[in-house]
1. With the condition kept exactly as written, say whether any residue in the range 77-95 is over 26 Å from residue 32 (Cα atoms) and touching a helix residue (DSSP H, G or I) at 6+ places or on another chain (Cβ under 8 Å).
2. What is the one condition in (1) within 9 Å of the ligand (Cβ to nearest atom); (2) closer than 28 Å to residue 144 by Cα; (3) modelled with pLDDT of 95 or more that residue 97 does not satisfy?
3. If you scan the range 188-217, which residues turn out to be more than 16 Å from residue 143 (Cβ to Cβ) and in contact (Cβ under 8 Å) with a residue 40 or more places away in the chain?
4. What number goes with the only condition from (1) more than 16 Å from the ligand (Cβ to nearest atom); (2) surrounded by fewer than 16 Cβ atoms within 10 Å (Cβ to Cβ) that residue 86 does not pass?
5. Which ones in the range 179-207 are touching a helix residue (DSSP H, G or I) at 6+ places or on another chain (Cβ under 9 Å), surrounded by fewer than 16 Cβ atoms within 10 Å (Cβ to Cβ) and over 18 Å from residue 95 (Cα atoms)?
6. Which numbered condition trips up residue 176, out of (1) in a helix (DSSP H, G or I); (2) in contact (Cβ under 8 Å) with a residue 24 or more places away in the chain; (3) more than 14 Å from the chain's Cα centre (by Cα)?
Ligand SMILES: NC(=O)c1ccc[n+]([C@@H]2O[C@H](COP(=O)([O-])OP(=O)(O)OC[C@H]3O[C@@H](n4cnc5c(N)ncnc54)[C@H](OP(=O)(O)O)[C@@H]3O)[C@@H](O)[C@H]2O)c1
């Protein structure tokens, strides 16, 4: 298929875990072109090779993007504008756990990467979403740890994540609903999504042996959301087969 007719999806933090797996799952469809973003070009090259080694029919392109850097965000948006003139979906997936850091370092780091970064990435790419050839979608990868209702009920202990990570995801949730309200009028569908406990590099506990879903399983629902299968849930806090309370 000609690239001009493909659905272009930009994924931040796609050098490992859920982001990399999403690039693989999207590339299984020949209609898709994936902008695989990595803050490290070295890690990004390895991730690109990993996707390309599968000989999938979709296409993938590497883009340097550090969501904690305004310069990097602006440069990435300029590159995509020049190369493609649009994107059709933005997946704010990059995230950090910072569980091992003391709170004075973990709070600023998690807020910058998990909430502030997605806000500014979305602002930078908004003009390119507006020129989408399909229904534009924003998928903010949040966490059940950011649910205030679950925290109040004390059914979801912060466990090894701690307050900085959970609070940064609660902040992302408010950014997500704000985007849903403001961009919904422009026809953009916005979702927060919690993948649940998934095998990845997020922390040392993220292993199948500890009860985590495989990366393939945990990522799969995102493909359906990006295809528009859950558009009626615009503005929601989605999870596999249902929704989380805010
Ligand atoms: N796995 C779970 O159980 C789980 C549960 C709920 C939510 N989530 C969320 O899922 C998302 C993906 O995480 P994951 O589980 O796949 O963990 P992961 O394997 O550690 O992936 C996180 C990705 O984010 C990237 N990243 C970190 N800081 C960045 C920055 N400043 N700019 C750009 N990229 C950056 C990392 O790149 P580097 O390799 O360069 O560090 C890595 O590629 C995160 O938002 C996470 O909070 C995960």
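The values are calculated or read from the model by the stated rules, or taken from the named source; none is laboratory data. Please read these numbers as outputs of a predicted model, since none were measured by experiment. No Cβ is skipped: glycine too gets one built from the backbone with ideal geometry, and neighbour counts run over all protein chains shown.
1. The answer is no; no qualifying residue exists.
2. Of the numbered conditions (1) within 9 Å of the ligand (Cβ to nearest atom); (2) closer than 28 Å to residue 144 by Cα; (3) modelled with pLDDT of 95 or more, the odd one out for residue 97 is (3).
3. 188, 189, 190, 216, listed by residue number.
4. (2)
5. Selection gives 186 alone.
6. Unmet condition: (3).
So that you can scan it fast, the table gives a plain yes or no per residue for (1) in a loop (DSSP other than H, G, I, E, B); (2) closer than 21 Å to residue 173 by Cα; (3) touching a strand residue (DSSP E or B) at 6+ places or on another chain (Cβ under 8 Å); (4) more than 7 Å from the ligand (Cβ to nearest atom):
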site	(1), (2), (3), (4)
196	yes, yes, yes, no
201	yes, no, no, no
204	yes, no, no, yes
216	no, no, no, yes
219	no, yes, yes, yes
222	no, yes, yes, yes
232	no, yes, no, yes
